[in-house]
Amino acid sequence: MEMITGGDCKSSQQKQKQSEQDAALEDSLRKIKQIFMVMSGKGGVGKTSVSVNLAMALAQRGFKVGIMDVDIHGPDVPRMLGIQKEMLGVNANRKLTPLAYSDNLSAVSIESLSASKDDAIIWRGPMKHSVIRQFISDVEWGELDYLIIDSPPGTGDEPLSVAQTISGAKAVIVTTPQEVSLADVRKSINFCRTIKMEIFGLIENMSGFKCPHCGETIDMFGSGGGEKTANDFGIHFLGRIPFEPKIVACGDSGTCYQEIYKESPVTRAFETVADRMAKLNS
């Protein structure tokens with residue numbers, strides 16, 4: 001009988017741990033009906049704001065929704081939900097419990113695992129990939145209608161790890177109308193096509209600002225570029241979200257813009273996109 005060396009034992013333990021995590025990951029994914037990764041070609045287009053407000057719009061319709069913040073170096077979801085001071089708990093099954101925003105909406109973010117919110121996360125790709133897997137396998141999400149994944153800008157480690165970990169995820173791409181954003185969003189579209197990720201559609205954010213004094217709409221970043229790009233690539237155009245300073249203030253204070261300004265064009269725009277997402281579960 002051959003003796004098992006320390007190296008062989010370690011390798012065997014690693015394989016067993018990997019197998020257990022794979023099983024836990026698959027078990028979690030079976031309980032989630034629809035998964036959307038919100039991504040953008042560049043920063044500054046309001047991607048996280050779109051992620052949070054889409055999640056809120058779905059939750060207000062009675063769906064069970066989770067937000068998974070995989071922007072490892074700039075996690076803003078907890079702040080926008082007003083839960084940035086809380087830490088993830090651990091349940092009796094030794095799984096992490098998401099932070100609850102409401103009965104229908106919960107979130108997980110690397111910020112909620114950090115002792116100091118000002119600590120810099122200095123990780124290479126393998127570490128990011130590992131924590132993204134753990135955000136599915138080691139978190140007690142329970143039964144969800146939707147999981148919204150807020151990814152960092154670009155086409156780097158985090159969106160690639162999501163695509164490799166969650167084969168059924170669909171992409172929602174966010175852009176502004178200006179050409180510099182559209183040039184980058186075209187790379188996001190080609191990224192999704194290269195890795196065989198379905199693109200659910202494109203959202204044009206910050207699309208026109210209505211002057212509070214004269215009522216005239218000012219196209220600060222241009223107009224119509226998002227819809228034209230969607231048409232050029234043959235993908236769904238999900239709608240325009242107007243530029244609204246109050247949504248910035250709500251995000252900073254962790255309050256729900258849609259609850260305060262229920263009849264605003266911004267709220268109606270998010271409701272329209274949420275309704276299209278909801279049809280997938282009908």
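Every number in this text was worked out from the coordinates using simple rules, so none of it is lab data. Fair warning: this is a prediction, and the values are worked out from it, not measured in the lab. Every residue, glycine as well, gets a Cβ built from its backbone with ideal geometry; the counts of neighbours run over all protein chains shown.
Take every Cα pair under 8 Å whose residues are at least 6 apart in sequence, average their separation, divide by the length of segment 71-139, and the relative contact order is 34 percent. Here the chain is scanned for GluC sites (Glu not before Pro) in DSSP loops (not H, G, I, E, B) that have at most 13 other Cβ atoms within 10 Å, and the longest stretch holding none of them is 3-142. Measure up K15/K279; K85/K279; K64/K246; K31/K262 against 29 Å on the Cα-Cα distance and list the ones that go over. Correct reply: K15/K279; K85/K279; K31/K262.
Mean-square fluctuations from a GNM of the chain, with a 10 angstrom spring cutoff on Cα atoms, peak among S109, S130, S40 at S130. Between L160, L99, L54, the GNM of the chain built on Cα springs shorter than 10 angstrom shows L160 fluctuating the most. Once backbone amide H atoms are built at 1.01 Å from N, N205 has T175, T176, I241 as its partners under 5 Å, excluding neighbours fewer than 5 places away on the same chain.
Comparing T272, T176, T48 in a Gaussian network model of the chain (Cα springs below 10 Å), the most mobile by mean-square fluctuation is T272.
The charge dipole of segment 32-281, taken about the Cα centre with unit charges on the Cβ atoms of Lys, Arg (+1) and Asp, Glu (-1), comes to about 520 debye, rounded to the nearest 20. Summed over qualifying helices (DSSP H, 4 residues or more, each -39500 (n - 2.57)) and divided by its residue number, the chain shows a 222 nm mean residue ellipticity of -13000 deg cm²/dmol. Along segment 14-21 the Karplus relation, 6.51 cos²θ - 1.76 cosθ + 1.60 evaluated at θ = phi - 60°, assigns HN-Hα couplings of 5, 5, 5, 4, 5, 5, 5, 5 Hz to successive residues, with x for each Gly and Pro. When both bridge partners sit in the chain, DSSP labels roughly 15% of those beta bridges antiparallel.
For the chain, compute the orientation-averaged projected area of the C-alpha convex hull (one quarter of its surface), in nm². Present the calculation step by step, with values, prior to reporting the outcome.
Numbers: hull surface 70.3 nm².
Seen from a random direction, the Cα hull of the chain projects 17.6 nm² on average.
Excluding the site residues themselves, the longest part of the chain lacking any trypsin sites (Lys or Arg not before Pro) in a DSSP loop with at most 13 other Cβ atoms within 10 Å is 125-195.
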